[in-house]
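Structure record follows, encoded as structure tokens.
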Amino acid sequence: MILNADILSHIPLFQGITVDELARLDTVLYPHIKNASSGEFLSYPEDVIEDTGIVLEGRIHMISEDFWGNQNIIAEFTKNTLFGEAHSISRTPLFFSLVAVEPSNLLFIRTQKILDAARRGDNGILKLYHNLMTIIIQKKLNYMKKADILSRRNLREKVSAFLSEEYQKNGTPSFTIPYDRQQMADYLSVDRCALSKELSKMKKEGILDYRHSWFQLKTL
């Protein structure tokens, strides 16, 4: 059985689902495992996908790319998180690519089967459906937060808003972000050199300290 309770116990999508319910879900969701190597693309713009992906180990980036190859990181998916659920429900073509940025172990389930089975009232499926909708709503709120960051008028404001959001997520002014410098620039849709210069200015002003992906915010 692919849907193993020990493996899935920490994944929000499967919270509250019993071992017996998992056994039934294993027969209807077409679960399968994929091992992706670092740099491997899982999908491309215009692809139509049927499955929701779940990161068991590793890290996946959702990226967009313009005509000249400039990349923007739309979102990152780490251990126990989902990707592709909204597009697999709507069956609309992707406007982004999904790529593994490190060796990743992934579980895929057929999303439409959740919706079909939920109409029949199976208790395990109804729990899964409720969890899925909760996750989709939370992701929408997270994308709204990113839109707020990117809407800031200049680079200093974008960096400040991004680091403030990381502070709120970590609950401490000292934290490590999940991006290297190029990935941080891609996430903020800014030039890497300009970002590095701005961070250096903020460090000299005593606003923050940093080393690679580690940051410490300071009060003046």
- Task: Within the range 210-220, track down each residue that is under 28 Å from the mean Cα position of the chain (by Cα) and either among the aromatic types (F, W, Y) or surrounded by fewer than 10 Cβ atoms within 10 Å (Cβ to Cβ) (or both).
- Result: Y210, R211, H212, W214, F215
- Task: Could you look through the range 81-136, keep only residues that are in contact with a Phe, Trp or Tyr (Cβ under 6 Å, 6 or more places away or on another chain), assigned to a strand (DSSP E or B) and touching a residue at least 60 places away in the same chain (Cβ under 8 Å), and pick out the one that is farthest from V28 (Cα to Cα)?
- Result: V99
- Residue list for the range 178-192, restricted to those being closer than 17 Å to I60 by Cβ and in contact with a strand residue (DSSP E or B) (Cβ under 7 Å, 6 or more places away or on another chain): P178, Q183, D186, Y187
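One line per residue, one yes/no per condition, for (1) within 29 Å of R181 (Cα to Cα); (2) open to solvent by 20 Å² or more (accessible area, probe 1.4 Å); (3) small (G, A, S):
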| site | (1), (2), (3) |
| --- | --- |
| S43 | yes, no, yes |
| E102 | yes, yes, no |
| F108 | no, yes, no |
| H130 | no, yes, no |
- Query: Do you know which of the residues in the range 181-190 that are of a type outside the set (G, A, S) and part of a helix (DSSP H, G or I) is surrounded by the fewest Cβ atoms within 10 Å (Cβ to Cβ)?
  - Reply: Q182
- Message: I'd like the residue in the range 182-209 that is within 16 Å of E165 (Cβ to Cβ) and hydroxyl-bearing (S, T, Y) and, out of all such residues, is nearest to the chain's Cα centre (by Cα).
- Response: Y187
- What are the residues in the range 147-180 that are of a type outside the set (S, T, Y), in a helix (DSSP H, G or I) and in contact (Cβ under 8 Å) with a residue 24 or more places away in the chain, if any? I149, L150, L155, R156, K158, V159, F162, L163, E166
- Return yes or no: is L8 open to solvent by less than 70 Å² (accessible area, probe 1.4 Å), over 18 Å from G58 (Cα atoms) and modelled with pLDDT under 95? no
- Message: Condition check: more than 28 Å from Q182 (Cα to Cα) and either within 16 Å of the chain's Cα centre (by Cα) or open to solvent by less than 30 Å² (accessible area, probe 1.4 Å) (or both). Does E85 satisfy that?
- Response: no
- Item | Enumeration of residues in the range 134-161 that are more than 16 Å from the chain's Cα centre (by Cα), under 17 Å from I74 (Cα atoms) and open to solvent by less than 70 Å² (accessible area, probe 1.4 Å) | I149, L150, K158, V159, A161
- Note on the structure: Output for Cβ contacts, cut-off 8 Å, separation at least six or different chains, first residue free of Cβ contacts under 8 Å to residues at least 24 places away in the same chain and closer than 19 Å to T27 by Cα in the range 1-12, second open to solvent by less than 60 Å² (accessible area, probe 1.4 Å) and among the small types (G, A, S), reads none
- Is there a residue being among the hydrophobic types (A, V, I, L, M, F, W, C), in contact (Cβ under 8 Å) with a residue 40 or more places away in the chain and within 27 Å of E102 (Cα to Cα) anywhere in the range 183-193? no
- Message: Tell me whether the range 29-41 contains one or more residues that are free of Cβ contacts under 8 Å to residues at least 60 places away in the same chain and either open to solvent by less than 40 Å² (accessible area, probe 1.4 Å) or not hydroxyl-bearing (S, T, Y) (or both).
- Response: yes
- Task: Give just the number: which of (1) crowded, with 17+ Cβ neighbours inside 10 Å; (2) small (G, A, S); (3) touching an Asp or Glu at 6+ places or on another chain (Cβ under 7 Å) does G53 not satisfy?
- Result: (3)
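The values are calculated or read from the model by the stated rules, or taken from the named source; none is laboratory data. Everything numeric here is computed off the predicted structure, so don't read it as measured data. FYI the Cβ positions are ideal-geometry reconstructions off the backbone, even for glycines, and counts take in every protein chain you see. Ligands, DNA and RNA are excluded from the accessible area calculation, which covers all protein heavy atoms including side chains. Shrake-Rupley method; radii C 1.70, N 1.55, O 1.52, S 1.80 Å.
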